[in-house]
Each structure stands twice: as C-alpha cells, then as structure tokens.
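In what follows, a structure is listed as structure tokens, so that the remarks can point back to it.
Where a number appears in this text, it was derived from the coordinates with a stated rule and is not lab data. Fair warning: this is a prediction, and the values are worked out from it, not measured in the lab. Counting neighbours? That spans all protein chains shown, and the Cβs are built from the backbone with ideal geometry, glycine included.
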Amino acid sequence: MFLDILPLAVVDGVAYASLLFLVSMGLTLIFGVMGILNVAHGSFYAFGGYAAASAVSWAANWTDSSCALLALLFVVALIVGIAMGGLLEMLFIRRSHAYDPSLKLLITFGVFLMLEDVRGLIWGAQPYSASEVVNRLGNMQLGDITYTNYQLIVVPSIALLAYLGLEYFLRRTDLGMQTVAITHHREVAISQGINASRIGLVTFIIGAVLGGAGGALSVPTTSMVPGSSADMIVLSFAVIATAGMEQITGALIAALLIGIVRSIAVYMAPDLEVATPYIIMVLILIVRPQGLFAAVQARTI
C-alpha cells in the first residue's frame, strides 16, 4: 500500500514544496538582509495568486497558447512584487529601521491586516483559480500513474531556477555582494559607501516577487480563498524555523522535507495533514533549537 502511493505522494510533495520554497525563500531573504520577520509577506502570496487567477481567466478567452498563459503568471508576479514590495518598503519598512524588532513585526502584522481588507474589497470571498494553465499543458504517463506536466516539470523547475538565480545574484553580481555585506555588518558596509536604502528596496522587491510568484504558480492547482495568505505565512515561518533563520539552501531542503512528509500524510493519515509541518518543526527544534542548518551562536552576557 505504502509503496503504491509513494511515487504519487513524492510528486505531489515536491510540487507543493516548490511553491512553499518560493515563498519561504523571499521571506528568508528579507529577514537575512533587513532583520524583519515580514508577516505581510503572506499578502504578497495572496495578491499574486488572486491577480494571476483574474488575469488568466481574462486571457484564456483570447489565446489558446499554454505558454502565453504560463508567461502571464510571471508577469503578474513581477508586477505585484514590484508594486507592493516597493510601496511597502518605502512607506513602512524604511521608516522603521531603527525600531525594536518586535515593533517591526507588529508593523508588518498591521500592514498584513490592512492588505487583507483590500484583498476582500477587490476579490470578495469567492474562490479563484486558474486551472486552464494545467489543462492546456497536458499530462505525462509514468508507469501506471498519470501526472500533470505542470506539477511534475514546470513548478519544480521554476523553483530550482529561482534558487539558482538568487544564489548567482548574491554571489556573482556587485549588487548581490553588497547585499551580502549588509547582511554581515550593516554599519561597516555603510561606512564603505554601500547604499543601504537601495539595498533594502531591492531586497524587499525581490522577496515580494518571490512571494507573488508562489501565489501565482499555486492558482493553477489550488483555489485562492480568504485565509490563504495566513496559512502560507505560517507554513513559511515553519520552514525557515526548521531550516534555521537566514538559510536559503536550508529552506530548500526543509521545504522538501515538509512537502513530501505532508503529502505522504495526505494519503496515509489525512487527519495529520495540517499538523505535519508543525510536528516536524517542533521535533527538529527540540533537538536543534537553532534549526537544521544554522550554526550554533555563542551566548554573550
């Protein structure tokens, strides 16, 4: 029984983990560079999903191209990320840099609540999806099981490319290396002439685009409903806590772990599906309070 459902559970788990990782990667980047646990990140996910569903629903009447609909998901994520990330950083985050971390958290929570009201005013309470994308990309037969090309190939490939692209940006570009310098020591980096405000804006926009992409890529397979943003931000916190704060590669592995185990639970123990990510997180944090991949910090007095 277990071996029969294992391939399907792994494919479902990897697809789910890919979406979870995209959102978690943006959240990890923002925290690593700016030291902010951004609760409003869940709104990037929700707005990306709702806007993508609306755009695909409109575009499906005008084109039969699956590639065009897929490209539209990225365009929507980019627009949502740049607009929302840029505005939030300039209006709220930049002004709160000197605040205590707990106050920054409360600010982002307040922004999240405001954005949830805006979302409700625009899209209401009905569910939104973009299943046309999955239907037009077709299926693939592996053995006796039929998989959608979208879940088997497209979503994991996009998540992997996003990870490699971010790693290249941080390690190989001037702006990326300046971002890493800010992460290591903000004051020293500023004294060397690095524009911290510009780095903060770019970081927040990249994180918002990744969050929006997670939402945009999820609506072809799941419906966006009220509360989706809260569910995703809590799951993302579980991922980065499991991996260790500021660990982008660790977030990838933690997302895969949570996604696959959760998917197996869907088939083997459905009652534990919702609790599974948090059970994994608690068990790991009991053994390694700093997370799986974070280095142990020396205690200072």
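Miscellaneous remarks
- The range 104-204 - Kirkwood radius from inverse mean 1/r over Cα pairs (Å): 18.1
- Length released on extending from Ser96 to Ser157, taking residue separation times 0.36 nm less the Cα-Cα span: 18.3 nm
- Cα pair distances exceeding 32 angstrom across the range 21-225, given as percent: 22
- Across all directions, the shadow cast by the convex hull of the range 179-281 built on its C-alpha atoms averages 7.8 square nanometres.
- Comparing mean-square fluctuations of Pro156, Pro277, Pro127 from a GNM of the chain with C-alpha springs under 10 Å, the top value falls on Pro127.
- Nearest-0.05 FRET efficiency for Leu272 and Val225, computed from C-beta distance (R0 25 Å): 0.70
- Electrostatic bookkeeping for Ala60 treats Lys and Arg as +1 and Asp and Glu as -1; over the other residues with beta carbon under 15 Å from its beta carbon, the sum is -1.
- Among the trypsin sites (Lys or Arg not before Pro) found in the range 192-301, those both in a DSSP coil and sparsely packed, with 10 or fewer other Cβ atoms within 10 Å of their Cβ, are Arg299.
- Alpha carbon centroid spacing (whole Å) that separates the range 117-182 from the range 21-79: 8
- For the chain, modelled as a GNM whose springs connect Cα atoms under 10 angstrom apart, the maximal fluctuation among Val287, Val56, Val11 occurs at Val287.
- ³J(HN,Hα), Karplus 6.51/-1.76/1.60, whole Hz, each residue of the range 161-167, x for Gly, Pro: 5, 5, 5, 5, x, 5, 4
- Fluctuation leader among Leu103, Leu256, Leu72 - the chain, Gaussian network, Cα springs under 10 angstrom: Leu103
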